[in-house]
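*Asks:* Encoded as structure tokens, here's the structure I'll be asking about.
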Amino acid sequence: MFLRRSALDSIGLLDETFGLHMEEIDLCWRLRRSGHEIGVVPESQVYHIGGATLPRENERKLYYNIRNSLLMLYKNLPPSHFRAVLLRRIILDHSVALAWLLGGKWRRTRAVIRGYVDAHRKRSNYSQPTEATTLPSYRGQILLEYLLMGRRRFSDVPDKRFRLNHVAAPPDSTS
């Protein structure tokens, strides 16, 4: 990732509260919200040793992913969008947590609950944007795409899941 110093001066650095996971996504979202462009080189190849900080099945990794994704949404979505997205997240996250609980994976269930509790506690450190804001261009449920549709790579996601207009519109039933 290459960043202009002036862009970082205008929005700040990575959010240290996150500690692990999602901090670069939050940074890009804040850049977009402040009017900066983000480019990509489609021909590039990125090699990532999947979760080198914590193993994939580690409960701490799950905890940070839950907590930080909720904080990122709170920081970057206006209240009307946040409530709609949060409701869907609660249903999906807690359904999976219940399945883990019934399957005897109580540590994973506990990580989900802790992530929600700690995100709620830390939310007072942030203010939500009140104006129309730049929303992610992806329109869908990535978890469902991954689990139910078997889409494991970015290139597997259909083009129709992305929209060109990044000005916030009220949430609809298709998102």
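The values are calculated or read from the model by the stated rules, or taken from the named source; none is laboratory data. Here the structure is a predicted model, which is why all the values come from computation and not from measurement. For neighbour counting, all protein chains shown are included, and Cβ atoms are generated from backbone atoms with ideal geometry for every residue, glycine included. Heads up: the accessible areas ignore ligands, DNA and RNA and are worked out on the full protein's heavy atoms, side chains in. Shrake-Rupley method; radii C 1.70, N 1.55, O 1.52, S 1.80 Å.
*Asks:* Do the conditions hold for LEU77, that is, is it farther than 18 Å from ILE142 by Cα and out of contact with any Gly (no Cβ under 7 Å at 6 or more places or on another chain)? Talk me through it step by step, then tell me what you get.
*Replies:* Values: farther than 18 Å from ILE142 by Cα: no; out of contact with any Gly (no Cβ under 7 Å at 6 or more places or on another chain): yes.
So LEU77 does not fit the description; no.
*Asks:* OK, next. For the stretch 66-103, enumerate the residues that are open to solvent by 50 Å² or more (accessible area, probe 1.4 Å) and of a type outside the set (A, V, I, L, M, F, W, C).
*Replies:* SER80, ARG83, ARG88, HIS94, SER95, GLY103
*Asks:* Test each condition in (1) under 22 Å from ILE142 (Cα atoms); (2) open to solvent by less than 80 Å² (accessible area, probe 1.4 Å) for ARG33 and report the one that comes out false.
*Replies:* Among (1) under 22 Å from ILE142 (Cα atoms); (2) open to solvent by less than 80 Å² (accessible area, probe 1.4 Å), ARG33 violates only (2).
*Asks:* Based on this model, can you work out whether ARG33 counts as in contact with a helix residue (DSSP H, G or I) (Cβ under 8 Å, 6 or more places away or on another chain), over 19 Å from SER124 (Cα atoms) and among the charged types (D, E, K, R)?
*Replies:* Numbers: in contact with a helix residue (DSSP H, G or I) (Cβ under 8 Å, 6 or more places away or on another chain): yes; over 19 Å from SER124 (Cα atoms): yes; among the charged types (D, E, K, R): yes.
Criteria met by ARG33.
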